[in-house]
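S.K.: Supplied in structure tokens, the structure appears directly below.
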Amino acid sequence: MTHAIAFIKMHGLGNDFVVLDARTAPLPAMTPQIARALGDRRTGIGFDQLVLLEPDDTPETGCAFRLRIFNSDGSEVETCGNATRAVALLHGEPVTIATGGGPVRLEPTPGGARVDMGAPRFDWDAIPLAYPMDTARMPVGWDDLNAPMAVNVGNPHVIFFVDDADAVPLESLGPVIEHDPLFPERVNVNVAHLAGPDHLRLRVWERGAGLTRACGTGACATAVAAIRQGLVKSPVRVTLPGGDLEIAWAPGGSIIMSGPASEAFRGTFDWDHYAAGTGA
């Protein structure tokens, strides 16, 4: 029997999502198996992340609904900056939503959104790391990537400032760093260089998704790290392979991310087909 589920395909700077809206009509339980099958770009719909909108089960937070995010490998993660902009565009009005990384305030803008990502965290156990160390200049390295900064912006990031981000073999180093035992919850890996006054060039190996055309939380974490190191001043233009984001932050305050989002198309899929394992 066909169990047709509606989906919306969206993207932020080429970082693409499948959005499932369960706010008013509950869906069957999402599993890593189904997320992986749907994310397969040959036999599924294909995405970097699956975005699930659900009623918020903690109404005391004052959030309108909850955002859950699954990577293409089936793992569930705390938050996603590009996905929050897509959700803001879809919702169509200012709203505060719950995420695994904490409440996030969204405000649609023409062609995109402005998102209050909350305050960054720098303590070693907030990243988290496996043991205490200075997160402003970590005494660790992998090949030519050394002394990164670690920042949690709702999910964990390490940031390396290099001479040329495009020259770093991130496709090979990214998975090694992501899965290093130093990071008990794995980690997103960012390499960046100064491209001009208050302008950064960034590439990201995204935890659970791999090389990505854009990563909103990566842009936030990298801009914060660059501001802390005195490389740039707020606001910062961050250029990723998919395009530009603007990140504003002052020490002690929230990170404000602004940038585009787009809806690509809508469709349906047969849930039972993927739940049975025949979609992969």
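Values quoted throughout were computed directly from the atomic coordinates according to the rules given, and no laboratory measurement underlies them. Only a predicted model underlies this, so the values are computations on that prediction, with no experimental measurement involved. Quick reminder, even Gly has a Cβ in these numbers, built from the backbone with ideal geometry, and neighbours come from all protein chains shown.
S.K.: Assuming 0.36 nm per residue, please report the length gained on full extension of the stretch SER172 to ASP125 beyond their Cα-Cα distance.
M.R.: 14.2 nm
S.K.: Another question about this same structure. Percent relative contact order of the chain, based on C-alpha pairs within less than 8 angstrom and at least six residues apart? Could the numbers behind the result be given before it?
M.R.: Details: 694 pairs, mean separation 61.7, N = 280.
Computed over the chain, the figure is 22 percent.
S.K.: Assuming R0 = 35 Å, can you tell me the calculated FRET efficiency for the pair ASP180 and THR268, based on Cβ-Cβ distance, to the nearest 0.05?
M.R.: With R0 = 35 Å, the Cβ-Cβ based efficiency is 0.30.
S.K.: How much length would be gained if the chain were fully extended between GLU93 and LEU231, taking 0.36 nm per residue of separation minus their Cα-Cα distance, in nm to one decimal?
M.R.: Taking 0.36 nm per residue and subtracting the Cα distance, the gain is 46.2 nm.
S.K.: Starting from the Cα of ALA4, step 7 Å along the direction of its Cβ; do the same at ALA147; then give the gap between the two resulting points in nm.
M.R.: Modelled inter-label distance: 6.0 nm.
S.K.: Something else about it: Wrap a convex hull around the Cα atoms of the chain, take a quarter of its surface area, and give that in square nanometres. Walk me through the numbers before you get to the answer.
M.R.: Numbers: hull surface 57.7 nm².
Reported value for the Cα convex hull: 14.4 nm².
S.K.: Say each of GLU107 and THR58 gets a label point 7 Å from the Cα, pointing the same way as Cα to Cβ; how far apart are those two points in nm?
M.R.: 2.5
S.K.: Could you tell me the distance between the Cα centroids of the range 10-58 and the range 134-165, to the nearest Å?
M.R.: About 30 Å separates the Cα centre of the range 10-58 from the one of the range 134-165.
S.K.: Sticking with this structure for a sec: In Å and on Cα atoms, what radius of gyration and Dmax does the range 124-253 show?
M.R.: 13.2, 36
S.K.: Would you compute, from DSSP H runs of 4+ residues alone, the mean residue ellipticity of the chain at 222 nm, taking -39500 (n - 2.57) per run and dividing by the full residue count, rounded to the nearest 500?
M.R.: Dividing the helical sum by the residues of the chain leaves -4500 deg cm²/dmol.
S.K.: Using per-residue counts of other Cβ atoms within 10 Å, averaged over each peptide, order 227-238, 80-91 from highest down. Could you put the intermediate results ahead of the total?
M.R.: Details: 227-238: 17.5, 80-91: 26.2.
So the peptides 227-238, 80-91, ranked by packing, come out 80-91, 227-238.
S.K.: Roughly how many nanometres apart are two label points built 7 Å out from the Cα toward the Cβ at ARG23 and ASP244?
M.R.: That separation, rounded to one decimal, is 3.1 nm.
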